[in-house]
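In what follows, a single structure is set out as structure tokens and then discussed.
The values are calculated or read from the model by the stated rules, or taken from the named source; none is laboratory data. The shown structure was predicted, so the numbers you read here are calculated from the model rather than taken from an experiment. Here the Cβ positions follow ideal geometry from the backbone for every residue, glycine too, while neighbour counts run over all protein chains shown. The protein model used for the area step is the full one, side chains on, heavy atoms only, and it has no ligands, DNA or RNA in it. Shrake-Rupley method; radii C 1.70, N 1.55, O 1.52, S 1.80 Å.
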Amino acid sequence: MGGGLVRLAAGQALFREGDAPTTAFILERGQVEIRARQRGRELVLAVLGPGAIIGEMAVIDEAPRTATAMALVDCELIALDRAQIAERIASSDPIIRALLQGTLQRYRSALLALQGRGSAPAVAEPDEALGVGKMRLESQLRAALADGGLDVRYQPLLDIPSGRIAGFEALVRWTHPERGPISPEEFIALAEETSLIVPVGEYVFDTACAAAREFIDAAGRPLFVAVNVSARQLRAPGLLERVIARVDAAGLPRGSIKIEITESQAMEPVLMQGFIGLCHDHGMRVALDDFGTGYSHLAQLHRLPFDTLKVDQSFVRSMLSEPRAMAIVEAIVALARAIRATLVVEGVETADELAALRGLGCDYAQGWLVGKPETRDSLLARAASLFA
Ligand code: C2E
Ligand code: MG
Ligand code: MG
């Protein structure tokens with residue numbers, strides 16, 4: 001039976017216990033009884049009506065049918081072939097996949113035990129391992145958030161013309177109890193899959209506002225702290241209001257917290273435009289992070305009035321060895337100037353790179369040459385030389 005309509009007369013079997021599964025069904029019309037043998041006796045497990053899915057279990061785990069499906073009256077069903085179901089499952093969230101596998105396995109074990117045939121061996125599928133691993137990490141991240149296992153580091157940004165530190169980027173860190181430090185590239189992506197990114201983001205804002213207050217006090221002049229915000233956070237209602245409340249509570253000028261939105265994420269231009277406008281109304285600035293890497297916001301840039309473009313570090317990497325890369329950086333400097341945005345080049349590691357950027361008239365440099373991400377305490381300990 002492939003795709004298409006299947007008709008059964010009352011009393012006819014759709015499939016029998018022990019059959020190899022090829023198809024699941026949607027019952028369109030009629031009634032189907034699901035039966036299994038229990039120590040020689042037939043046991044009715046369910047009576048299903050229109051709209052029910054039948055026989056999907058064996059198709060999902062490719063095991064022989066553990067029950068018989070019998071038409072109680074004349075029935076019409078639509079066949080769903082295995083490839084169709086397999087494709088849906090393969091493209092689903094690995095956590096959902098793991099939950100499905102686990103539930104199915106337990107149901108089968110219970111059914112076999114009921115039938116007096118022992119329980120099915122638990123075989124971990126690679127998919128399941130991934131899903132379970134992610135769920136474990138997710139709940140450990142949730143715990144870390146509650147017990148202070150997260151931490152924020154600050155990486156300085158150099159104002160190229162003056163040679164002074166203009167501000168910092170706040171970068172979150174997670175020290176995992178067994179795995180040690182885990183990169184934000186890994187756990188931010190995980191947190192973004194659920195609403196967990198929202199409290200993680202709030203923790204970073206809280207910590208960054210407190211640090212900004214101390215940096216400014218230590219420097220005795222204006223400085224900014226840039227905080228990364230992901231698309232999912234922007235979609236959570238009230239983000240900006242909460243950020244502003246924190247900035248005000250810390251007694252900070254609004255302009256001292258900058259929001260960085262990464263270009264590598266798809267984002268509806270209308271939502272982004274609204275958000276930038278709202279930030280500007282409240283005196284906050286917004287940067288487009290990883291510029292040049294992702295979904296091209298270039299086509300939308302005319303209506304997205306970012307205050308800052310942050311050029312991804314891949315550009316500076318090839319700038320000195322490839323004339324075309326240098327020409328592109330030059331063009332980006334001109335583009336930023338034309339739209340009155342300041343320009344930050346990320347990933348500056350050598351004095352030659354910095355000299356070239358200075359020659360091009362770039363505003364800010366960020367990278368290991370200027371400083372690696374450091375704790376607030378270690379930065380404050382050398383405030384006198386840092387903020388000179
Ligand atoms: P990003 O915002 O583009 O941050 C810059 C990354 O480049 C940081 O990695 C930084 O440590 C690294 N980096 C800076 N200078 C250099 C350099 O000279 N050479 C090299 N090779 N690398 C350099 P990190 O801290 O691992 O952060 C990775 C990404 O994670 C960030 O990219 C940002 O997208 C995300 N992220 C970090 N903290 C947060 C956060 O609090 N919230 C959100 N939503 N995302 C965050
Ligand atoms: Mg950033
Ligand atoms: Mg970046």
Mind checking the full-extension length gain between R337 and R242? Use 0.36 nm per residue of separation minus the Cα-Cα distance, one decimal, nm. 31.0 nm
Which residues qualify? For F168, with a placed amide H closer than 5 Å and at least 5 residues away or on another chain, they are L157, F224, V225, A226
Here, L298 and S385, labelled 7 Å along Cα→Cβ, have an inter-label distance in nm of 4.2
How tilted is helix 126-146 with respect to the longest principal axis of the chain? Cα atoms for both, answer in degrees (0 to 90, nearest 10). 50
Run the simple label-point estimate for A46 and V73 please: 7 Å along Cα→C-beta, distance reported in nm. 2.0
Using a Cα-Cα cut-off of under 22 Å, which lysines could be cross-linked to K372, ignoring same-chain neighbours fewer than 8 residues away? K258, K310
When the accessible area of the chain is computed with all protein chains present and a 1.4 Å probe, what percentage of it is carbon and sulfur? 55
The helix 323-338 Cα axis meets the longest alpha-carbon principal axis of the chain at an angle in degrees, between 0 and 90 and rounded to 10, of 80
Report Rg/Rh for segment 234-278, rounded to two decimals, where Rg is the Cα radius of gyration and Rh the Kirkwood radius. 1.00
Going by average Cβ density within 10 Å per residue, which order do the peptides 331-338, 30-37, 50-57 take, highest to lowest? 30-37, 50-57, 331-338
Cut-off 10 angstrom, C-alpha nodes, Gaussian network model of the chain. Which of H282, H302, H176 fluctuates the most? H302
As I understand it, the value is the acute angle between the Cα axis of helix 269-281 and the longest principal axis of the Cα atoms of the chain; what does it come to in degrees, rounded to 10? 40
On a full-extension model of 0.36 nm per residue, what is the gain between A90 and D281, subtracting their alpha-carbon distance, rounded to one decimal in nm? 64.3 nm
Farthest positive-ward along the chain dipole, Cα basis, beta-carbon charges - from Q233, L357, L48: L48
Let me see the pair-distance distribution of segment 46-200: every alpha carbon pair, 10 Å bin width, integer percents in order. 8, 25, 22, 18, 13, 7, 4, 2, 0
Efficiency of FRET from Cβ geometry, M326 and D159, R₀ 22 Å, rounded to 0.05: 0.50
Using 1/(1 + (r/R0)^6) with R0 = 30 angstrom and r between the beta carbons of I53 and E178, what's the FRET efficiency to the nearest 0.05? 0.15
For the chain, what is the per residue volume of the convex hull drawn over the alpha-carbon atoms, in cubic angstrom? 194
So what does T350 come to for accessible area, using a 1.4 Å probe and Å² rounded to 10? 60
Which part of segment 235-250 falls in the paramagnetic zone of T194, meaning amide N under 18 Å from the point 7 Å along Cα-to-beta-carbon? 236
Estimated [θ] at 222 nm from DSSP helical runs (n ≥ 4, -39500 (n - 2.57)) normalised by residues in the chain, nearest 500: -12500 deg cm²/dmol
